[in-house]
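Take a look at the structure below.
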Amino acid sequence: EEKFTSSFRKGYIEVNGFSFPKRYEELKEEFDNLEVNEEDVWICSFPKTGTTWTQEMVWMIVNNMDFEEGQVNLGHRSPFLEVSIVFDFRDLLKNVPNFNPPPFLQDSLAFVRSQKSPICMKTHFPYQCLPTQIQNGVKKPKMIYVARDPKDTCISYYHHSKLMEGFKGNFEEFCELFLAGKVNFGPYWKHVLTYWGLRNSPNFLFLKYEDMKKDLSKVIRQVSEFLERPLNEEQVKILTKHLSFEEMKKNPAVNYELVCDLNKRFKLTEYDGVFMRSGSVGGHKDVMSPEMIKRFDEWIKENLEGSDYVI
Ligand code: A3P
């Protein structure tokens with residue numbers, strides 16, 4: 001944990017068996033008591049599993065593929081509920097001149113509350129930490145979960161941690177943290193399998209990154225049907241192109257340029273990388289040692305014992 005040295009990481013706590021940034025303590029009640037609107041769509045995921053990709057898809061479908069409005073930053077169009085616990089900007093706001101991140105980054109709860117429904121909400125919260133109204137079934141907004149092969153997720157998360165969270169360790173060290181469930185929102189399996197348990201609820205859709213890579217148009221049709229927002233084949237074709245890795249990589253509204261620029265400008269991290277990194281399936285094969293792959297395979301087998309979940 002001491003390997004995370006960035007100025008906006010202030011230690012970790014355990015919440016319902018998950019690793020959370022310490023700031024959660026202060027805001028827990030507000031998250032628990034959040035007033036949920038059934039018109040909203042909740043996009044839930046473990047970090048680095050294709051959240052941004054899913055957010056842009058869902059927002060476009062919900063908003064009739066409004067490409068003009070779609071030029072607004074995705075963080076504004078599809079707010080990240082708990083970004084305030086991941087990036088605690090309070091010290092920076094106080095001490096760094098000209099530091100002025102957009103409202104959706106400054107106070108995510110206030111921002112979410114200020115938005116008109118339907119919101120396409122992003123959250124990395126495990127099911128166990130969603131607002132009480134969702135957990136006790138009083139409110140049933142549509143929810144979409146996206147999952148990804150844990151080895152590819154781990155690599156993506158390693159780069160993300162360097163890019164966004166000032167992680168100073170090497171890849172092997174990050175793998176250890178990942179396997180031990182000590183990265184933000186870990187452990188991975190507890191996160192994925194709890195949501196997997198909800199897959200047959202009518203208001204719930206479970207997606208996989210690998211299926212999106214294999215046949216994006218098919219997933220777009222599936223999501224539009226689930227959201228009851230029909231698209232014709234021409235629209236599916238246009239949206240498929242818009243959501244391709246190449247298009248998203250060069251789209252400043254979704255490629256996190258804004259956040260990366262803030263990081264660089266205010267020297268929040270020293271790593272020079274991009275958010276839209278490789279967007280591939282099976283990339284771990286080029287990076288993970290055979291020993292580490294074996295460790296992951298055993299860990300996968302152990303965690304999936306008795307489950308019908310397939311990676
Ligand atoms: P890589 O780091 O493996 O490239 P999240 O949005 O949950 O943080 O996930 C980020 C991952 O999704 C990154 O993976 C990113 O490149 C990938 N991604 C984003 N948009 C994508 C797209 N249109 N097609 C394929 N992968 C995409």
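Below, the figures for the structure above:
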{"item": "Pairs with Cβ under 9 Å, 6+ apart, first in the range 141-159 and free of Cβ contacts under 8 Å to residues at least 24 places away in the same chain, second in a helix (DSSP H, G or I) and within 11 Å of the ligand (Cβ to nearest atom)", "result": "158/287"}
{"item": "Per-region count, the range 240-258, residues within 9 Å of the ligand (Cβ to nearest atom) and more than 25 Å from residue 42 (Cα to Cα)", "result": "1"}
{"item": "Residue within the range 67-77 that is within 30 Å of residue 200 (Cβ to Cβ), more than 14 Å from the ligand (Cβ to nearest atom) and in contact with a strand residue (DSSP E or B) (Cβ under 8 Å, 6 or more places away or on another chain) present", "result": "yes"}
{"item": "From the options 171, 167, residue that is touching a residue at least 24 places away in the same chain (Cβ under 8 Å), within 16 Å of the ligand (Cβ to nearest atom), surrounded by fewer than 19 Cβ atoms within 10 Å (Cβ to Cβ) and of a type in the set (Phe, Trp, Tyr)", "result": "171"}
{"item": "Residues (within 16 Å of the ligand (Cβ to nearest atom) and of a type in the set (Gly, Ala, Ser)) located in the range 259-292", "result": "273, 278, 279, 280, 282, 283"}
{"item": "Helices (runs of 4 or more DSSP H) wholly inside the range 1-102 containing at least 2 residues that are charged (D, E, K, R)", "result": "24-32, 90-95"}
{"item": "Selection within the range 58-99 - polar (S, T, N, Q), modelled with pLDDT under 95 and buried (at least 20 other Cβ atoms within 10 Å of the Cβ)", "result": "84"}
{"item": "All positions within the range 102-113 that are within 28 Å of residue 250 (Cβ to Cβ), surrounded by 17 or more Cβ atoms within 10 Å (Cβ to Cβ) and in contact (Cβ under 8 Å) with a residue 60 or more places away in the chain", "result": "105"}
{"item": "Residues of the range 191-214 classified as surrounded by fewer than 19 Cβ atoms within 10 Å (Cβ to Cβ), in a helix (DSSP H, G or I) and either at pLDDT below 95 or not aromatic (Phe, Trp, Tyr) (or both), total", "result": "6"}
{"item": "Options 178, 125: the member that is within 15 Å of the ligand (Cβ to nearest atom) and outside any helix (DSSP H, G or I)", "result": "125"}
{"item": "Some residue of the range 228-239 being within 11 Å of the ligand (Cβ to nearest atom), modelled with pLDDT of 95 or more and part of a helix (DSSP H, G or I)", "result": "no"}
{"item": "Any pair with Cβ under 9 angstrom, 6 or more apart, that starts in the range 275-302 at a residue that is on the phi > 0 side of the Ramachandran plot and ends at one that is within 12 Å of the ligand (Cβ to nearest atom) and of a type in the set (A, V, I, L, M, F, W, C)", "result": "279/53; 279/245; 279/248"}
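The values are calculated or read from the model by the stated rules, or taken from the named source; none is laboratory data. Note that this is a predicted model, so its numbers are computed, not measured. All Cβ positions, glycine included, derive from the backbone under ideal geometry; neighbour counts span all protein chains shown.
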